[in-house]
Amino acid sequence: MSTIERLVEELERSHAEAQERMADPAVYNDRVEGAKAGRRLKELEEPWRLAEEWRQATADLEAARTDPELQPLVAEYEAEAERLEDELKLALVERDPADDKDVIVEIRQGVGGDEAALWAGDLHRMLTRFAERRGFRTETLSTSENEAGGFKEVVFAVKGQGAFSVFKYEGGTHRVQRVPETESQGRIHTSTATVAVMPEVER
């Protein structure tokens, strides 16, 4: 048995087990376990669909190899089976278990005084709008405002399926170079703000 055949068999077994678990009343009626089972089934759906398509493609290929009338289609079926095999291997790459979780985002002003606090405020607006455009809900948890109208620190939650998978790449130091509103000489200043992104802990 080839490696891909073993992968497909294991995937089909895992998918069947996930379906059985989801149908178990004891699991379904437990909010935490039911959510875990639902996420597991959802993450297996796409690889399982590709596995079924791969099985059909390899069956078509075998049939074409043994049927003289279908011989002209062998190259086409081979290409389709290879494409599905590549897609399936990609779909089975291990995901971060935290990807589906809600997230807590913390933005702190960095270097740049009042302008850094204003930049932290701009980042807060950008990230919350980005979240809302993606269909996530946001909830402000705490703020520490700056006299100039920005934030020394702001913490907010982003809630929705896959929030961490989207927001985990926003962590780090964000810089901006611009002329501050308070700058009378028209000089460009560099300001920074730090963003920390953490998956929310399940209670």
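The values are calculated or read from the model by the stated rules, or taken from the named source; none is laboratory data. Quantities reported herein were computed from a predicted structural model and do not represent experimental measurements. Virtual Cβ from ideal backbone geometry, glycine too; neighbours counted across all protein chains shown.
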Candidate set from region 184-203 (those that are in contact (Cβ under 8 Å) with a residue 24 or more places away in the chain and part of a loop (DSSP other than H, G, I, E, B)); member that is farthest from D114 (Cα to Cα): E202
Residue in region 93-107 that is under 28 Å from the mean Cα position of the chain (by Cα), loosely packed, with under 13 Cβ neighbours inside 10 Å, over 23 Å from F164 (Cβ atoms) and not assigned by TED's automatic domain parsing to the domain that holds V166 present: no
Residue in region 22-36 that is part of a helix (DSSP H, G or I) and under 19 Å from the mean Cα position of the chain (by Cα) present: yes
Unique residue being more than 29 Å from A98 (Cβ to Cβ) and in contact with a strand residue (DSSP E or B) (Cβ under 8 Å, 6 or more places away or on another chain) when the list is V154, V179, V158: V179
Given (1) under 26 Å from the mean Cα position of the chain (by Cα); (2) on the phi > 0 side of the Ramachandran plot, index of the condition G149 fails: (1)
Among (1) over 30 Å from F156 (Cβ atoms); (2) surrounded by 18 or more Cβ atoms within 10 Å (Cβ to Cβ); (3) of a type in the set (G, A, S) - the single one G112 does not satisfy: (1)
